[in-house]
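J.: Dropping a structure here in structure tokens format, bear with me for questions.
The values are calculated or read from the model by the stated rules, or taken from the named source; none is laboratory data. The shown structure was predicted, so the numbers you read here are calculated from the model rather than taken from an experiment. All Cβ positions, even for glycine, are placed from backbone atoms using ideal geometry, and neighbour counts span all protein chains on display. The protein model used for the area step is the full one, side chains on, heavy atoms only, and it has no ligands, DNA or RNA in it. Shrake-Rupley method; radii C 1.70, N 1.55, O 1.52, S 1.80 Å.
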Amino acid sequence: MDSISEALIKNLGDKSLEKRKQASIELTEKVYSLNSEREIYNLIKYFTFHVDDDTAQKRRIGLYGISSIAVGLYKEDPLTDFCNCLVQPVLVALGDREPKVQLAACDTMFNILKIYREKVLFDLEFPETFDKIVSVVSNPNNDVKDWGRKLVEFLEEIVYGALIKNEDFDIESLMNKAYSKLSKSQNQDILQVLIKWINTFSSLSDYDVIKSLPKFIEKLFIILGTNTKHDIYTMSVNQLKLFLCDYEHCLCRCIRLDIEVLKRLLHFLRDKRNKTIDKSVIFALSWLKNFLKYFKEDLEQKRINTTLQDLMSSYGTEEEKICAMQEIYHGPIRKITSDLNSRRHESLEEQNRKREDLRNTNEELLTVIFPDMLGCVFDYIFVEEELIYLEIKEINRSLEKLVILVARENYDLNTLKMILSSSLEKDEPKTKNLVIGWYITLFKHFPTCLFQIEDDPSFMIIENLNFNDPRYIDRVLYLFSLKSLESSEFLSSIIGLLLRKFRKKKKSNIKESQINTAINIMCKYIDPKIIFSKFAQELMRFNDAHFIGNMTEILEHSLASVNKYKYLRDILKRDHSDEEKKEFFETLFETFCIKNFSTTKLKNPISCITLCILAKKYKLAYYLLICISKNTRFEHCMQVCNFVQQLEGASFMHIRMDLLHFEKNYYLIKTLQMMLMILPTDSKAHINLKTRLECIHIDPMVKAKKRQYYRQIKKGNKDPFPRTNKEESQEVEKYVEMLHVIIQKFLT
């Protein structure tokens, strides 16, 4: 360029600082003297050519020339039209391969920022400028890196000042660029700079950085898990805590923003589930736990707003609307009235749009967000670290409340049920307990949608039962008991499934105590009489006498000796004419007969006799014992020993008292005497029963019975068993006939 001397150009690139300074002053004065914008453009273009030169020396000259021009353009109102022309070649030079050129570019950029300040922010290319300046801090040259930090701090000061002054520049583009830079960068220095920028934006009251939270949150958690530099880790933790603290009072809070934040956070947790658990996971779970509190508040507020809209469109007086709203809103009348008034002028289209938006939001929550969150809970529930387990439990509780809140308007729980069903197959106690807890919660609030024919989880739950985990068994049977209270058919099907499970476990040596545990738990929630009757009825469906025998033995032992079933024993003690006693006894008797008399290879034929004695049907017990005595084996002796032991317990006190009334209970004494004959004389049971019978003065009774017997013979009655009660004899005949019918039906 003719107006620029060769000496000036040479001095701009001289090693001497004094010569460069003098040349810069001379060039600045030259700019002052230019009168047209065209001349200024030509001058900038001239030095831009130098910046593009292959020689490092000329590139430095070009940068110092642009710096001098920027200083020369400084006026009270800088010419913003030249900003982009000055900045672009400098941005190219910031990425130069020569450190000296990079230093010159930093110096030039600093002067441009110093001159133009907020005017730089209005340049359309400013996000790119921001990106290039931030990248300088990752330079391996320490001098260039220091210059880069200086530039970033100065640019941060400019942006902060512009926001304070409410300058209307494109802050969203800047935030997007910062997010893009943060998400892609792995350099420690760049990450530290960007986190500091985010912190600066967070401290501004005029700009709500919370609305950009979804863009930053996932990367901040990734930094926690991958960064080894203590300063960056601390800055990330503090920034995430600040975000959470600011969110409580954030004016831009809404359901859509909440959902976007949850998506990012859940995406991070899903990516970390198969990797090493580190501090980032613990902090993310803690952050999620606290964030869900605000999310629940936003959901409740949105529901209230929708209810307000419905009230405004409904019929009724103003007072009726306010009273109806108070039940939901729980707020002062003044606040409710103002909310009603604020919605008076909403158009019908606007109200419908908001309702549709709420429906779409609920659908997204129930089909995407909540299932993802539930999957996250199941992914981390098995982690052995106690702190994570406690956080997961809190998250799960909050999630249950959120599902209940949202599903009131939308019952589409199929996605959640699929997650629960797949998780139930995992052989992990914590997971199974969590699944059952969810089923209980869903059934309490949405009973019609859980146990549906097409996706009834009952079979899978029972198939995966672990009888070694009492707490899990308790929760499972509590769930089934809740449903059974509404449906007798469901109870029958559940007991049938349990019996098949018991039968299937026979080869695995399922313990009697485990079966008793299952029965006791069900009796805790449902009437024991119904449970025992249903078990007896469902056992009739099995064509396996051995299995029925084992189960009736367990039922008989519980009925005869467990204190909590005194209520059932009291029913059996009632008068023979009592209808409830008849129904209950016949139900049990029908099943117990199969076990005792359909085969001769069973372990305990005494169960049915014990049932008869509990029900005070002594003559029937005597007849049955005669039938058994024809094929007595050692196992029968052992079971008689067990009966004698039960006889000495508190449950049989009324039986022992009946021994005193030998005139009325003749067959009870005869039954016990026959048992005494079965027992070995050297057994403890024989001694105990003999002692018990010796307490009764039997001789007068025997003599009286003999006299009665001979009188009956003289009258022509050849029945060897005296009929002291005609109705009792008829009842015995009835049950004996029932016995033969049942056995014949079972054997065929």
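J.: Quick check: at a probe of 1.4 Å, how many percent of the accessible area of segment 626-684 sits on carbon and sulfur atoms?
T.: Looking at segment 626-684 in its full context, I get 60 percent from C and S.
J.: Averaged per residue, what accessible area in Å² does segment 135-283 show with a 1.4 Å probe, protein chains only?
T.: Value for segment 135-283: 46 Å² per residue.
J.: Give me the compactness ratio for segment 106-177, meaning the Cα radius of gyration over 2.2 N^0.38 Å. Each step should come with its number before you reach the end.
T.: Working: Rg = 12.1 Å, N = 72, 2.2 N^0.38 = 11.2 Å.
The value comes to 1.08.
J.: What distance in nm separates the two pseudo spin-label positions at residue 25 and residue 160, each 7 Å out from Cα along the beta-carbon direction?
T.: Calculated label separation equals 3.4 nm.
J.: Could I ask something else about it? Label segment 498-582 by shape, choosing from rounded, prolate and oblate, from the square roots a ≥ b ≥ c of the eigenvalues of the Cα gyration tensor; if a/c is under 1.5 it is rounded, and otherwise prolate applies when a/b is larger than b/c, oblate when it is not. The partial results should precede the final answer.
T.: Details: a/c = 2.21, a/b = 1.65, b/c = 1.34.
Verdict is prolate for segment 498-582.
J.: What percentage of the solvent-accessible surface of segment 46-170, computed with a 1.4 Å probe over protein heavy atoms, is contributed by carbon and sulfur atoms?
T.: Summing carbon and sulfur atoms, their accessible area is 46 percent of the total for segment 46-170.
J.: With every protein chain kept in the model, how would you rank 430, 279 by accessible area, 1.4 Å probe, largest at the top?
T.: So the residues, ranked largest to smallest area, are 279, 430.
J.: Using only Cα atoms, what is the ratio of the radius of gyration of segment 226-268 to 2.2 N^0.38 Å?
T.: It is 1.39.
J.: If the chain between residue 404 and residue 633 were fully stretched, how many nm would it gain, using 0.36 nm times the residue separation less the Cα-Cα distance? Walk me through the numbers before you get to the answer.
T.: Details: separation 229, 0.36 × 229 = 82.44 nm, distance 6.09 nm.
Extra length from residue 404 to residue 633 when fully extended: 76.4 nm.
J.: Quick one: which of 196/279; 432/483; 114/215; 19/58; 15/58; 150/279 span more than 24 angstrom between C-alpha atoms?
T.: 114/215; 150/279
J.: Classify segment 3-62 as rounded, prolate or oblate, taking a ≥ b ≥ c as the square roots of the eigenvalues of its Cα gyration tensor: rounded when a/c is under 1.5, otherwise prolate if a/b is larger than b/c and oblate if not.
T.: Judged from the Cα gyration tensor, segment 3-62 comes out oblate (a/c at least 1.5, b/c at or above a/b).
J.: Okay, next question. Using only alpha carbons, build the gyration tensor for segment 81-128 and give me the equivalent ellipsoid semi-axes, biggest first, whole Å. Don't skip to the end; give the middle numbers.
T.: Values: eigenvalues 77, 25, 12 Å².
The answer is 20, 11, 8 Å, longest axis first.
J.: Shifting gears a bit: List the extent of the Cα atoms of segment 1-147 along each of their three principal axes, largest first, rounded to whole Å.
T.: So the three principal-axis extents are 40, 35, 24 Å.
J.: At 1.4 Å probe size, with no ligands or nucleic acids counted, give the accessible surface of residue 120 in Å², nearest ten.
T.: 0
J.: Here is a follow-up. Please provide three numbers in whole Å: the alpha-carbon extents of segment 433-503 along the principal axes, with the largest listed first.
T.: Projected onto the principal axes, the Cα atoms of segment 433-503 cover 30, 25, 21 Å.
J.: Given a 1.4 Å probe and heavy atoms of the protein chains only, how would you sort 592, 49, largest accessible area at the top?
T.: 49, 592
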